[in-house]
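Just below is one structure, and these are the notes that go with it.
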Amino acid sequence: MYKRQNHTIALPLLRAMAARHGPVAVVHFDAHLDTWDTYFGAAHTHGTPFRRASEEGLIDRSGCLHVGTRGPLYSNRDLAEDRELGFHVVPSVEIDDLGARGIAGRIRERVGDRPVYLSVDIDVLDPAFAPGTGTPEAGGMTSRELLAVLRSFGELNLVGADVVEVSPAYDHAEITGIAASHTVYEILSALAPRKES
Ligand SMILES: [Mn+2]
């Protein structure tokens, strides 16, 4: 039986990254912020990993950003708290104007040569490109845009990554699975030239 890998996995992975590299820059592609304090009353959920990681000192608060954000806010403090936890935002509505090259530039500007952890929630894509996910939101990236931006990660100090929230039970004609597998392929290609020290 398929079981989707949800965004809770980012927290233990970031603990491992920080143990090895120190606090890392996080580039987070997602429709949602995932920096809420609790989600349905629970502290460890797929809506809270980056707040817990920031609180635990696993991430470099001067080098993190979200890309593709467009989901709902639950309180008027959400965006302010997200900033305090270390994140800048490239919202989905700016993606057309920025283009893949512009987004890559914003990422490079923010993370510099810090070790980078890349986290891709497949719901950053529009439901047209990734219907098989638990919390779809209209108005997302195309898979072409995402893959083009990921192509630029070969120039960054990428140390780890995840691709999460693919839910085969909601997928049609493997649309989401195809997008996710190509996403992983781009990420592996970006990691390939790395020389381990
Ligand atoms: Mn997420």
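The values are calculated or read from the model by the stated rules, or taken from the named source; none is laboratory data. Note that the structure is a prediction, hence the values are computed from the model and not measured. Please note: Cβ atoms are built from the backbone with ideal geometry, for glycine as well, and neighbour counts cover all protein chains shown. The area values use the complete protein model at the heavy-atom level, side chains included, leaving out ligands, DNA and RNA. Shrake-Rupley method; radii C 1.70, N 1.55, O 1.52, S 1.80 Å.
Restricting attention to the range 8-32, the residues that are crowded, with 24+ Cβ neighbours inside 10 Å and either touching a His at 6+ places or on another chain (Cβ under 8 Å) or charged (D, E, K, R) (or both) total 3. For the range 107-146, taking the residues that are out of contact with any helix residue (DSSP H, G or I) (no Cβ under 9 Å at 6 or more places or on another chain) and hydrophobic (A, V, I, L, M, F, W, C), the one that is least open to solvent (accessible area, probe 1.4 Å) is identified as Val111.
Residues that are more than 28 Å from Arg15 (Cβ to Cβ), of a type in the set (Gly, Ala, Ser) and within 16 Å of the ligand (Cβ to nearest atom) within the range 96-138 comprise just one, Gly132.
Looking at the range 87-94, is at least one residue open to solvent by 40 Å² or more (accessible area, probe 1.4 Å) and in a strand (DSSP E or B)? If you could, list the steps in order and put the result at the bottom.
Just the residues of the range 87-94 that are open to solvent by 40 Å² or more (accessible area, probe 1.4 Å), to begin with: 88-89, 93-94.
Add one more test, that the residue is in a strand (DSSP E or B), and what stays is 88-89.
Scanning the range 87-94 turns up at least one residue that is open to solvent by 40 Å² or more (accessible area, probe 1.4 Å) and in a strand (DSSP E or B).
Right, Ala148: over 13 Å from the mean Cα position of the chain (by Cα) and within 29 Å of Pro23 (Cβ to Cβ) or not? So that I can check it myself, show each step before the final result.
Values: over 13 Å from the mean Cα position of the chain (by Cα): yes; within 29 Å of Pro23 (Cβ to Cβ): yes.
Yes; evaluated as a whole, the condition is true for this residue.
Looking only at the range 59-85, count how many residues are farther than 25 Å from Thr133 by Cβ and buried (at least 20 other Cβ atoms within 10 Å of the Cβ).
Initially, the range 59-85 is screened for residues farther than 25 Å from Thr133 by Cβ, giving 60-63, 76-77, 80, 83-84.
After this cut, where a residue has to be buried (at least 20 other Cβ atoms within 10 Å of the Cβ) as well, the list is 60, 63.
Final tally of qualifying residues: 2.
Just one of the listed residues (Ala31, Ala10, Ala19, Ala25) is closer than 13 Å to Tyr117 by Cβ and within 12 Å of the ligand (Cβ to nearest atom), namely Ala10.
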